[in-house]
Amino acid sequence: MNGPLRLLPWTTPDGRPCYLSTDSADSRLSRLADDLEADQLDSGEQVLAGARAVLADDKAGEPAVRFALTRAVESLGEVLRVAASRGARVPAARGVTRRGTRGAAGP
């Protein structure tokens, strides 16, 4: 298996990252990871909508706000993991840094 390691959208029970080494982006485990990433992104959209609704409700109490924030933090962590995994699989554009800004002009 010669391909780069893929960061998977789940962790070990003690919170360490999991990686997949495969030559095929169409392997069973790769497809499972793709499906879970899509589910995490969909869930993030739902959590964002719910958090916005709680914040727009002047009568929302502290428990509702804390719940919304907790779910938002969880979703943000998942979405950032998906972004890191997908970003690592995109060939780097010439002259673009990790933050997406152009570096110094060069060959």
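The values are calculated or read from the model by the stated rules, or taken from the named source; none is laboratory data. Here the structure is a predicted model, which is why all the values come from computation and not from measurement. Virtual Cβ from ideal backbone geometry, glycine too; neighbours counted across all protein chains shown.
Quick rundown of the values:
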read-out: Hey, Val79 in contact (Cβ under 8 Å) with a residue 24 or more places away in the chain and closer than 23 Å to Leu20 by Cα or not; value: yes
read-out: Which listed residue, of Asp23, Asp58, Asp42, is in contact with a Gly (Cβ under 6 Å, 6 or more places away or on another chain) and surrounded by fewer than 11 Cβ atoms within 10 Å (Cβ to Cβ); value: Asp23
read-out: Failed item in (1) surrounded by 12 or more Cβ atoms within 10 Å (Cβ to Cβ); (2) at pLDDT 95 or above; (3) among the basic types (Lys, Arg), with Arg86 passing the rest; value: (2)
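Per-residue answers, yes or no, for (1) touching a residue at least 12 places away in the same chain (Cβ under 8 Å); (2) over 16 Å from Val82 (Cα atoms); (3) not in a loop (DSSP other than H, G, I, E, B):
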| position | (1), (2), (3) |
| --- | --- |
| Trp10 | yes, no, yes |
| Cys18 | no, no, yes |
| Asp26 | no, yes, no |
| Asp35 | no, no, yes |
| Gly44 | yes, no, yes |
